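A.B. asks: Handing you this structure, nothing more for now.
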């Protein structure tokens with residue numbers, strides 16, 4: 001009978017931890033996570049001592065951050081075309097020479113940064129290939 005009670009308690013704890021995973025991955029702090037899960041902050045600290053559980057929480061956080069970065073990158077990429085179009089329109093505004101000059105400087109500055117980044121990525125790629133070889 002004692003074995004069944006221990007197994008039941010273990011299963012309940014494991015279910016609680018599974019329920020807690022996404023909450024811990026998204027909450028800004030353990031106090032808020034504990035409140036949402038319905039356990040004490042101390043219980044959260046106890047769970048986080050388990051390396052396997054902590055790894056699961058960290059992995060879920062990384063995946064969430066990765067998806068958020070991907071979404072933000074997609075939005076920025078779609079906005080880039082609009083931003084470039086806006087700069088090109090401003091570049092054609094002959095009635096406002098100061099706006100034309102600012103747009104031209106912005107375009108040239110961004111081209112320079114893009115070129116530098118591209119060259120840096122190529123150099124890094126070559127170094128990584130040499131390091132692997």
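The values are calculated or read from the model by the stated rules, or taken from the named source; none is laboratory data. In this text, all values refer to a predicted model and were calculated from it rather than measured experimentally. Counting neighbours? That spans all protein chains shown, and the Cβs are built from the backbone with ideal geometry, glycine included.
A.B. asks: What single numbered condition from (1) part of a helix (DSSP H, G or I); (2) modelled with pLDDT of 90 or more; (3) out of contact with any helix residue (DSSP H, G or I) (no Cβ under 6 Å at 6 or more places or on another chain) fails to hold for residue 15?
C.D. replies: Failing condition for residue 15: (2).
A.B. asks: Of the residues 113, 59, 54, which is outside the structural domain of residue 17 (by TED's automatic domain parsing), assigned to a helix (DSSP H, G or I) and at pLDDT 90 or above?
C.D. replies: 113
A.B. asks: Right, here's the next one. Could you check how many residues of the range 32-62 are exposed (fewer than 12 other Cβ atoms within 10 Å of the Cβ) and free of Cβ contacts under 8 Å to residues at least 12 places away in the same chain?
C.D. replies: From the range 32-62, those exposed (fewer than 12 other Cβ atoms within 10 Å of the Cβ) are 38, 42, 45, 49, 51-52, 55, 62; that's our starting set.
Filter again for free of Cβ contacts under 8 Å to residues at least 12 places away in the same chain, leaving 38, 42, 49, 51-52, 55, 62.
Count: 7.
A.B. asks: With the requirement that a residue be touching a helix residue (DSSP H, G or I) at 6+ places or on another chain (Cβ under 9 Å) and within 30 Å of residue 23 (Cβ to Cβ), what does the range 63-110 give you?
C.D. replies: Hits for the range 63-110 are 63, 64.
A.B. asks: If you don't mind, another one. Regarding residue 102, is this residue exposed (fewer than 10 other Cβ atoms within 10 Å of the Cβ) and modelled with pLDDT of 90 or more?
C.D. replies: Details: exposed (fewer than 10 other Cβ atoms within 10 Å of the Cβ): no; modelled with pLDDT of 90 or more: yes.
Here the answer is no, as residue 102 does not meet what is asked.
A.B. asks: Let me ask something else. Go through the range 28-49 and give me each residue that's more than 25 Å from the chain's Cα centre (by Cα) and under 19 Å from residue 64 (Cα atoms). I'd like the intermediate steps shown before the answer.
C.D. replies: Residues of the range 28-49 that are more than 25 Å from the chain's Cα centre (by Cα), as a first pass: 38-43, 46.
Answer for the range 28-49, where residues must be more than 25 Å from the chain's Cα centre (by Cα) and under 19 Å from residue 64 (Cα atoms): there is none.
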